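J.: Handing you this structure, nothing more for now.
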Amino acid sequence: MLTRDGLAEQGLIIPVSAHMLQNKTEYDRALESYSKPLMKRVQCFILENGDLNIDNPDDVGPFFRYPDLTVQSEYLAKTILSTIHEDLFDELYFLQR
């Protein structure tokens, strides 16, 4: 999206993983805002062959077909912004050394 909108050059890598590691609580919160409601609704068990069986696919199917990833998208946008403003110069300095 950044490349498409002319905000970054093709092939530019923004090291967001360093920021995520330094802010694990925020990262976990973003992931859990989707997974916790899903796990409260899904009824599943693992078969003997290791496959996962979902007993209520009609109830949880929309979570997979039409996921609302607003929170995760907002988190990623904030992480990219924080990486650019806070972490990128340190990362470049580290790589230069």
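Bear in mind that the values in this text are calculations on the coordinates, not laboratory data. All figures in this text were calculated on a predicted structure; none of them were measured in a lab. Note that we place each Cβ from the backbone using ideal geometry, even for glycine, and neighbour counts take in every protein chain shown.
J.: How high is the FRET efficiency from Y66 to I13, r the C-beta distance, R0 22 Å, rounded to 0.05?
T.: 0.10
J.: Still on this structure, I have one more. Looking at the chain as a GNM with Cα springs under 10 Å, which of L81, L21, L12 has the largest mean-square fluctuation?
T.: The residue that fluctuates most here is L12.
J.: What nm distance separates the two modelled labels at N56 and E91, each placed 7 Å from Cα along Cα→Cβ?
T.: Reported label-point gap for N56 and E91 is 4.0 nm.
J.: Another question, if that's okay. Nothing charged except the Cβ atoms of Lys and Arg (+1) and of Asp and Glu (-1): what's the magnitude of the dipole of region 16-96 about its Cα centre? Round to the nearest 20 debye.
T.: Using only the charged Cβ atoms, the result is roughly 180 debye.
J.: Right, another one. With θ set to phi - 60°, apply the Karplus curve 6.51 cos²θ - 1.76 cosθ + 1.60 along region 28-35 and write out the HN-Hα couplings as whole Hz, x wherever there is a Gly or Pro.
T.: Result, rounded to whole Hz: 4, 4, 5, 5, 6, 5, 9, 6.
J.: How many times 2.2 N^0.38 Å is the alpha carbon radius of gyration of the chain? Please list the in-between numbers first.
T.: Values: Rg = 18.5 Å, N = 97, 2.2 N^0.38 = 12.5 Å.
This ratio for the chain stands at 1.48.
J.: If a paramagnetic tag sat 7 Å from the Cα of L2 along the Cα-Cβ line, which residues of region 77-97 would have the backbone N under 11 Å from that point?
T.: Correct set: 77-85, 88.
J.: Which whole-number percentage describes the relative contact order of the chain, with Cα contacts under 8 Å and a sequence gap of 6 or more? Intermediate values should be presented prior to the final figure.
T.: On the way: 53 pairs, mean separation 32.7, N = 97.
Dividing the mean separation by the residue count of the chain yields 34 percent.
J.: Further question on the same structure: Among S35, F63, F45, pick out the residue whose Cα is farthest towards the positive end of the charge dipole of region 1-82, where Lys and Arg carry +1 and Asp and Glu carry -1 on C-beta, about the Cα centre.
T.: Going by the Cα projections, it comes out as S35.
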